[in-house]
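The values are calculated or read from the model by the stated rules, or taken from the named source; none is laboratory data. Quantities reported herein were computed from a predicted structural model and do not represent experimental measurements. For neighbour counting, all protein chains shown are included, and Cβ atoms are generated from backbone atoms with ideal geometry for every residue, glycine included.
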Amino acid sequence: MRTPFRFAAALALTGALVGACSGAASPTPVPSPAPSVAPSAAPSIAATPAASPSEAAVLSPSPDPCAPANLKLVKAGAFTVGTDNPAYPPYFAPREGGNTSPWEGDFVGDPTTGQGFESAVAYAVADKLGFAKEKVAWIAVKFDNSYAPGPKAFDVYVAQVSYKPERAQTADLSDGYYFVNQAVVTLKSSPLAKATRISELAAYKFGAQAGTTSYDMIVNTIKPTKDPAVFDSNDAAITALKNKQIDGIVVDLPTAFFMTAVQLDNGVIVGQFPAPTGPDAEHFSMVLAKDSPLTGCVNQALAALKADGTLAQITKTWLSDKASAPAFKP
């Protein structure tokens, strides 16, 4: 999804031609004093000045820093993408006939298929940067390790990582590629299923995956009277819900649709929270190493995908049915 720019220019210096012309005028050595040379075309050639540094910069621009050969990658010649494992639909789709290792387990997606919203976005960004599909390598990285301080084993990480200022202190977060709101999932038999207002949620016990904006939604918006439960994965939260250890799970809306359609036999979306607007609107970002020289190139690629309609088409293909759910009232 990107075609890298390449520049080439050559600057010829002509001063050397002067010596060549004056040598041709005196083929036989002559004792001092040397004969005078009448003005000719040679001086006009010699008078041609060399390009100034500023002119040279225009004539010989620096190579495109976002060209594949100029990118600083964790593995030369490959674009390495990290994501969480398990990797769930609708962000990653299962591979027909079975997933490749290590993407295994019930309902688990295989990022290498190019199917599913985030898999498609990752391959589209790679394409814009000049990497064919076979040059994209996937690795499993735990969600909260993606933005932890320190070196990264990936070039970019995609796993529904919402932008948060504290995350941006330890890692680079790209421009947004999906703007999202949160939702509540429960069992149809639960009294929670009847709630229509945010103010009605406080009496229930909720759970969410550790380190997510879903957990922040519980603490800052629902403000429950019971301490929320924290889980390493959404799978663990689903198990707790089935076992009646919690009353509801808070997740992003597309995940809520997948949970209720596939993972919970009697699951229901209670409602979705209003999506924030403006500069503080919650959005998914790709994660990169802090101060990565690749960040600007990734943002360029995302901007190009937005401009040419590719990102909108990917969103429509994989998330078009994820927009309708009851909206909570205050």
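What about A275, is it at pLDDT below 95, part of a loop (DSSP other than H, G, I, E, B) and either farther than 24 Å from A148 by Cβ or among the hydroxyl-bearing types (S, T, Y) (or both)? Before the answer, list the steps.
Numbers: at pLDDT below 95: yes; part of a loop (DSSP other than H, G, I, E, B): yes; either farther than 24 Å from A148 by Cβ or among the hydroxyl-bearing types (S, T, Y) (or both): yes.
Yes: the conditions hold for A275.
Does A137 satisfy the criteria of being assigned by TED's automatic domain parsing to the domain that holds G114, more than 23 Å from A256 (Cα to Cα), hydrophobic (A, V, I, L, M, F, W, C) and not in a strand (DSSP E or B)? Give the derivation first.
Numbers: assigned by TED's automatic domain parsing to the domain that holds G114: yes; more than 23 Å from A256 (Cα to Cα): yes; hydrophobic (A, V, I, L, M, F, W, C): yes; not in a strand (DSSP E or B): no.
Against the criterion (assigned by TED's automatic domain parsing to the domain that holds G114, more than 23 Å from A256 (Cα to Cα), hydrophobic (A, V, I, L, M, F, W, C) and not in a strand (DSSP E or B)), A137 does not qualify.
Name the residue that is surrounded by the most Cβ atoms within 10 Å (Cβ to Cβ), counting only residues in the range 259-278 that are more than 27 Å from the chain's Cα centre (by Cα) and without any contact (Cβ under 8 Å) to a residue 12 or more places away in the chain.
A261
Among (1) at pLDDT 95 or above; (2) part of a helix (DSSP H, G or I); (3) assigned by TED's automatic domain parsing to the domain that holds A202; (4) surrounded by 21 or more Cβ atoms within 10 Å (Cβ to Cβ), which single condition is I314 missing?
Failing condition for I314: (3).
Mind counting the residues in the range 198-209 that are surrounded by fewer than 17 Cβ atoms within 10 Å (Cβ to Cβ) and touching a residue at least 60 places away in the same chain (Cβ under 8 Å)?
Qualifying residue count for the region: 1.
Go through the range 177-197 and give me each residue that's surrounded by fewer than 18 Cβ atoms within 10 Å (Cβ to Cβ), closer than 20 Å to N220 by Cβ and modelled with pLDDT of 95 or more.
Of everything in the range 177-197, just one residue is surrounded by fewer than 18 Cβ atoms within 10 Å (Cβ to Cβ), closer than 20 Å to N220 by Cβ and modelled with pLDDT of 95 or more, namely R197.
Is the range 289-305 home to any residue that is assigned to a strand (DSSP E or B), within 27 Å of the chain's Cα centre (by Cα) and under 25 Å from K72 (Cβ atoms)?
Looking for residues that are assigned to a strand (DSSP E or B), within 27 Å of the chain's Cα centre (by Cα) and under 25 Å from K72 (Cβ atoms), one finds at least one in the range 289-305, hence yes.
Quickly run through the range 149-172 and pick out the residues that are buried (at least 22 other Cβ atoms within 10 Å of the Cβ) and not in a loop (DSSP other than H, G, I, E, B).
Correct list: V156, Y157, A171, D172.
Can you list residue pairs whose Cβ atoms sit under 6 Å apart, with the first residue in the range 170-193 being farther than 17 Å from T260 by Cα and the second being of a type outside the set (A, V, I, L, M, F, W, C) and part of a strand (DSSP E or B)? Count only pairs 6 or more apart in sequence or on different chains.
Note: pairs meeting the criteria are G176/H283; F179/H283; V180/D252.
Being buried (at least 16 other Cβ atoms within 10 Å of the Cβ), part of a helix (DSSP H, G or I) and not aliphatic (A, V, I, L, M) is the filter here, so list the residues in the range 213-244 that pass it.
Across the range 213-244, the qualifying residues are T213, S214, Y215, D216, N234, D235.
Tell me, please, whether a residue that is part of a loop (DSSP other than H, G, I, E, B), of a type in the set (D, E, K, R) and over 23 Å from the mean Cα position of the chain (by Cα) can be found in the range 194-202.
We begin by selecting, within the range 194-202, every residue part of a loop (DSSP other than H, G, I, E, B); these are 195-196, 201-202.
After this cut, where a residue has to be of a type in the set (D, E, K, R) as well, the list is none.
There is no residue in the range 194-202 that is part of a loop (DSSP other than H, G, I, E, B), of a type in the set (D, E, K, R) and over 23 Å from the mean Cα position of the chain (by Cα).
For residues that are among the hydrophobic types (A, V, I, L, M, F, W, C) and surrounded by 15 or more Cβ atoms within 10 Å (Cβ to Cβ), scanning just the range 69-91, find the one that is nearest to W138 (Cα to Cα). Show your work before the answer.
Taking the range 69-91 first, the residues among the hydrophobic types (A, V, I, L, M, F, W, C) are 69, 71, 73-74, 76, 78-79, 81, 87.
Subset that is surrounded by 15 or more Cβ atoms within 10 Å (Cβ to Cβ): 71, 73-74, 78-79, 81, 87.
Numbers: L71: 18, L73: 14, V74: 12, A78: 10, F79: 9, V81: 5, A87: 12 Å.
Across the range 69-91, the extreme among qualifying residues is V81.
Scan the range 245-258 and tell me whether some residue there is crowded, with 22+ Cβ neighbours inside 10 Å, under 30 Å from G150 (Cβ atoms), outside the structural domain of K164 (by TED's automatic domain parsing) and at pLDDT 95 or above.
yes
Among the residues of the range 280-300, write down those that are touching a helix residue (DSSP H, G or I) at 6+ places or on another chain (Cβ under 8 Å) and surrounded by fewer than 22 Cβ atoms within 10 Å (Cβ to Cβ).
E282, Q300
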